[in-house]
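Beneath this line is the structure, given in structure tokens, with notes to follow.
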Amino acid sequence: MAIQSYSYSGRGSEHTAYRIIFFGQSNRIGFHYILSHFFLTLWFYKTPHMTSKVTPLSQQSKIPNPTQPNRTITPLFARPPAAGIAIARPPPRGFSPCITMGSDFKAIPLIDISPLVGKIDDPSMVNDEDLLQVVQMLDDACREAGFFYVKGHGIADSLMKEVRDVTQKFFQLPYEEKLKIKMTPQSGYRGYQRVGENITKGKPDMHEAIDCYTPIEPGKYGDLAKPMVGSNLWPKYPSNFDVLLENYISLLRDLSRKIMRGIALALGAPVDAFEGTTAGDPFWVCRLIGYPVSTDIPEEQRTDTGCGAHTDYGLLTLVNQDDDICALEVRNQSGEWIYAKPIPGTFVCNIGDMLKVWSNGIYQPTLHRVVNNSPRYRVSVAFFYESNFDAAVEPVEFCRERTGGVAKYEKVVYGEHLVQKVLTNFVM
Ligand SMILES: N=C(N)NCCCC[C@H](N)C(=O)O
Ligand SMILES: O=C(O)CCC(=O)C(=O)O
Ligand SMILES: [Fe+2]
């Protein structure tokens, strides 16, 4: 048994945490020693661990290290059972080599979500061991890295690849051709944007993209959605682009809904917490992105980042990235950039700003950026699963209770958050 004591500073306060680790090891089987380590980590906080400061979301991105705030670690099995689930016993907490115990992750966990995908809509799933294990892994991943890979998600490899392939083909077209679907304020910020047109924190990003959003009819959501009214501008070439993408998006919507069900359980919430007025009519965003080889960009136009450091705006992001180029980087607590290396057949998932507010900071979105230093053009297709456009997202009561009783974030209307981002994302 070992006891470690260490300090870390969160937003506005210092903590000393004591971490007690028990580990049992060494079972002898035949000629081999098989070491098995069981970690039971108990956290004690010396100080009352929550600040009572309410910080508007608009200021969050200005805080230097929003990656890891004051965190409360409440083991899943210590939580009160939520309505709608009857957790009879704790899910097994085995040691997973993918998950770095502690706050400074070095790798992003990989989760096989097939039990979740197969069973999450079945009311009799509540005590399913495999499912609960996935829920536990989601909880660990959302606390530790805010990022995880998923496999066993049910989306065919061939479809993932085809979507990247048509994206690549489109970006290979001559500029005039791409301009036929140019993004403008009149198009509701939907369509093609050239390299350097998207800006992050004032700096042009070295990517080109097609942005698509849930279509919005004029008048829907009143003034709130006005800048984004419109339907999507799909390329005419390759000719199956719109059909392919619309099918892909509908599959990813359903997959995201299922993962959000898992995340709801991971938070100890009812399984349908992200349905109804929160995300029962989820807004979605899809960005098809191309990152040119840096030497192909005219020097006077070139910056060193494909996409500057940011957090995503909604609930959950699923990134379908090129198989063989390492470019997406995720920031850990000590400020190191950890590669989200491509793992063929997986999506890279991460949580967004709305989940932070809703969970009162139990889960935090992690800063990430893209740098394509490879000698090859990189493609990624990012799908963003968001709350209802007009959802007023605020810390829910049981998450507040779990984090000291005080709401750390003010209510934010998702659509306002999105529109504010979109209106400042482009030099037009
Ligand atoms: N829908 C999402 N999440 N898009 C992410 C793009 C991030 C870059 C953007 N210029 C920004 O500064 O946010
Ligand atoms: O290209 C990627 O891998 C990630 C893109 C991203 O983070 C975004 O568009 O929000
Ligand atoms: Fe992102």
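The values are calculated or read from the model by the stated rules, or taken from the named source; none is laboratory data. Source: prediction; values computed, not measured. Each accessible area value is taken on the protein alone, full model and side chains, heavy atoms only, with ligands, DNA and RNA left out. Shrake-Rupley method; radii C 1.70, N 1.55, O 1.52, S 1.80 Å.
So here's what we get for this one:
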read-out	value
Surface share of carbon and sulfur [accessible, 1.4 angstrom probe, percent] for the stretch 155-224	55
Amide H partners (placed H, <5 Å) of SER387, local residues excluded	PHE283, LEU315
Heavy-atom accessible area per residue - the stretch 329-368, 1.4 Å, Å²	23
P(r) histogram, all alpha-carbon pairs of the stretch 110-425 included - 10 Å bins from 0, percent	6, 27, 36, 24, 7, 1, 0
Heavy-atom accessible surface of the stretch 265-379: percent carbon and sulfur, 1.4 Å	48
Links that overshoot a 24 Å alpha carbon limit, given the list LYS151/LYS341; LYS106/LYS151; LYS220/LYS356	LYS220/LYS356
Quotient of C-alpha Rg and 2.2 N^0.38 Å, computed over the stretch 334-428	1.34
Size-normalised alpha-carbon gyration radius of the stretch 256-369, reference 2.2 N^0.38 Å	1.23
Accessible surface, per residue, of the stretch 136-195 when the full set of protein chains is kept, probe 1.4 Å, Å²	39
Surface accessible to a 1.4 Å probe, per residue, for the residues of the stretch 200-291, Å²	38
Amide hydrogen neighbours beyond the local backbone of ARG376, cut-off 5 Å, H modeled	none
Distance between the stretch 133-198 and the stretch 232-277 - C-alpha centres, whole angstrom	12
